[in-house]
Structures are given as structure tokens and as C-alpha cells.
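Visitor: Take this structure first; my questions come after.
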């Protein structure tokens, strides 16, 4: 049935995106290792499968929203439970951030079973996933794009980057390393300003009216640092993974990333200090500890 869509991984990002598909009138078959994650969707009428393979035996189009490249590889190709063993699936759409290497590998393996692959990593966080305002970077053949465009459009604004597997992943890594770099640089500048005696709210207002404004000053700091919530919605471990992938892919292509390497190390220290599950706005908390100040509104 054309309106029945599969979705594997319905956690913090996948859950809101799956919910938007339900809002758009699609029926869903979902799977997640956490029963708690599937419960709200089941309450809205979604079918809950026992494995990724069962999802892929129910729906022709299956989305994945998963945390790491290894998990993506396992869900798509692993053992009897992988999507590749589904009897109905014809197209797999990966909303995760895996890097171009894994995307190319998985796309080739699925192609041997005549299953199409779509890279569609997203940017915009949980807020964007809930509101349907994500930036969705897509790489796949044009004919496939025409087929999946209406579905992907429920998540936000689409950018078709080309047909080669992994192109959208490269775009996503470029975006995420800039977002992380902005967070690190802003934390350093804010800690310096507060230690000098500036009111952090006033300093942010000045920066946001000046040339230094960025995504951290305009959104992350007002929402998650000055409020002391440190809950922007993106885990330190995932940010570290994305930046590490970006630096490694760049180095493999012969592109030096001097600043990128520093951002990666700052995330590694933040992860060691606060844990992989901490929000990546804890970068600011790390700078607070080092500087002996508190950046609060």
C-alpha cells in the first residue's frame, strides 16, 4: 500500500518526524529498540514491528533515523533482522548522519538487492523536527527524488545535492562542524566577557547586533546556557561523532582541517567531563569551569 511508510528509529529526532508523517495522513509501521519510543506512535495507530526486517516486509519505503554509522550499517544490512531482508522494501531513506563512506557502502549493498538508497540527513534539531522546519539535504537519482519528495517535504525545506550516494552526508558534515565551531568560539568569548565584568545578556545583544552573531549567540546561548537548562537537544557524543567524521573525511580527501581538529578535541574533552549523553551546550559549562565564571541570565 503506497500510503504505508516504514520508520526505524523513532527517538528524539525520529519520533517527531514520524509523527509528522502521521499528521500528513500516512500510515506507519515503526521499529525502535525502545518500546517507550514507539508507544506514542502506536497510540496514534502506527503498527509496531518486532525488527527492521519486519518493517521492510510491510512497507515499500522505509526511513531510518539512527545515532551512529555502525547502527545504520547494522539496521540496513545486519543478519536476518536487517532491512535488506525485507520482502516489500524498495527504497531506504536515511535521515541519520553517517558520513559519505558508510552511505556509499550501504547504498552499494542494497543496490545488489534492487533496493534504492536516499541520503537525507537533516539539520534543525528536535524543534525543527517537531515544527517541520528542518533543512533536509538529499542525494539520490532524480527519478527517486521525484518519488520521495512529497514525503521528505513534510519535514522541512529540501536541498537536492546530486545523485551520488554520500553527497548529502558531506553537506551535513560541513554544516555540523560549523555549528560546533560556533558553539566553541562563543563559549570562549562569553566566558572572557563575563570574567571581565560584562552582563552576559548585554554581551549577547551586542554580538547579535554586530558581525560576531552566529547560531550559538542567536539561539543556543539564550535558550540553553543563560537559562542554565543546557538542554538544546543535541547530545555531546553525537556532535563529537559528526565533527570527527567531518575531519576524517576531509583528511582522506587531502583537505586540512586545523580548526576542525581543535573543535573535535574540545568536544572530546566535554564528552569526557560531562558524558556522551550530555547536551553539547555543556561546551559552555566546560569553559565556565576553566574560567571560573558562570554565564547566566
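Visitor: Only one of 75, 48 is within 30 Å of residue 232 (Cα to Cα), touching a strand residue (DSSP E or B) at 6+ places or on another chain (Cβ under 9 Å) and surrounded by fewer than 21 Cβ atoms within 10 Å (Cβ to Cβ). Can you tell me which? Please lay out each step first, then the result.
Guide: Values: 75 fails: surrounded by fewer than 21 Cβ atoms within 10 Å (Cβ to Cβ).
None of the other options fit; the residue is 48.
Quick grid of which residues meet (1) under 22 Å from residue 173 (Cβ atoms); (2) over 17 Å from the mean Cα position of the chain (by Cα):
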{"site": "222", "(1), (2)": "no, yes"}
{"site": "236", "(1), (2)": "yes, no"}
{"site": "250", "(1), (2)": "yes, yes"}
{"site": "254", "(1), (2)": "yes, yes"}
{"site": "258", "(1), (2)": "yes, yes"}
{"site": "263", "(1), (2)": "yes, yes"}
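Visitor: Can I ask one more? Evaluate the following for residue 276: is it within 28 Å of residue 102 (Cα to Cα), surrounded by fewer than 19 Cβ atoms within 10 Å (Cβ to Cβ) and out of contact with any strand residue (DSSP E or B) (no Cβ under 6 Å at 6 or more places or on another chain)? Lay out the reasoning, then the answer.
Guide: Values: within 28 Å of residue 102 (Cα to Cα): yes; surrounded by fewer than 19 Cβ atoms within 10 Å (Cβ to Cβ): yes; out of contact with any strand residue (DSSP E or B) (no Cβ under 6 Å at 6 or more places or on another chain): yes.
Yes: the conditions hold for residue 276.
Visitor: Tally time: how many residues in segment 126-145 are surrounded by fewer than 19 Cβ atoms within 10 Å (Cβ to Cβ) and either modelled with pLDDT of 95 or more or closer than 20 Å to residue 99 by Cα (or both)? Quick ask: steps written out before the conclusion?
Guide: Initial filter on segment 126-145 (surrounded by fewer than 19 Cβ atoms within 10 Å (Cβ to Cβ)): 126-127, 130-133, 135, 141-145.
Next, only the ones that are either modelled with pLDDT of 95 or more or closer than 20 Å to residue 99 by Cα (or both) stay: 130-133, 135, 141-145.
Summing the residues that are surrounded by fewer than 19 Cβ atoms within 10 Å (Cβ to Cβ) and either modelled with pLDDT of 95 or more or closer than 20 Å to residue 99 by Cα (or both) in segment 126-145 gives 10.
Visitor: Grab the strands (runs of 3 or more DSSP E) fully contained in segment 1-107, keeping just those with 1 or more residues being over 21 Å from residue 119 (Cα atoms) and touching a residue at least 40 places away in the same chain (Cβ under 8 Å). Spell out how you get there, then give the answer.
Guide: Details: elements: 4-8, 27-31, 61-64, 91-94.
Of the strands (runs of 3 or more DSSP E) lying wholly inside segment 1-107, none has at least 1 residues that are over 21 Å from residue 119 (Cα atoms) and touching a residue at least 40 places away in the same chain (Cβ under 8 Å).
Visitor: Still on this structure, please answer the following. Looking at segment 146-153, is at least one residue in a strand (DSSP E or B) and surrounded by fewer than 19 Cβ atoms within 10 Å (Cβ to Cβ)?
Guide: Within segment 146-153 (the criterion being in a strand (DSSP E or B) and surrounded by fewer than 19 Cβ atoms within 10 Å (Cβ to Cβ)), the answer is no, since none of the residues qualifies.
Visitor: Based on this model, can you work out whether residue 213 counts as free of Cβ contacts under 8 Å to residues at least 60 places away in the same chain, assigned to a loop (DSSP other than H, G, I, E, B) and touching a helix residue (DSSP H, G or I) at 6+ places or on another chain (Cβ under 6 Å)? Quick ask: steps written out before the conclusion?
Guide: Working: free of Cβ contacts under 8 Å to residues at least 60 places away in the same chain: yes; assigned to a loop (DSSP other than H, G, I, E, B): yes; touching a helix residue (DSSP H, G or I) at 6+ places or on another chain (Cβ under 6 Å): yes.
Yes.
Visitor: Under the condition of being touching a strand residue (DSSP E or B) at 6+ places or on another chain (Cβ under 6 Å) and in a helix (DSSP H, G or I), which residue from segment 108-144 is nearest to residue 234 (Cα to Cα)?
Guide: Among them, the one singled out is 128.
The values are calculated or read from the model by the stated rules, or taken from the named source; none is laboratory data. In this text, all values refer to a predicted model and were calculated from it rather than measured experimentally. Cβ: placed from backbone, ideal geometry, glycine included. Neighbour counts: every protein chain shown.
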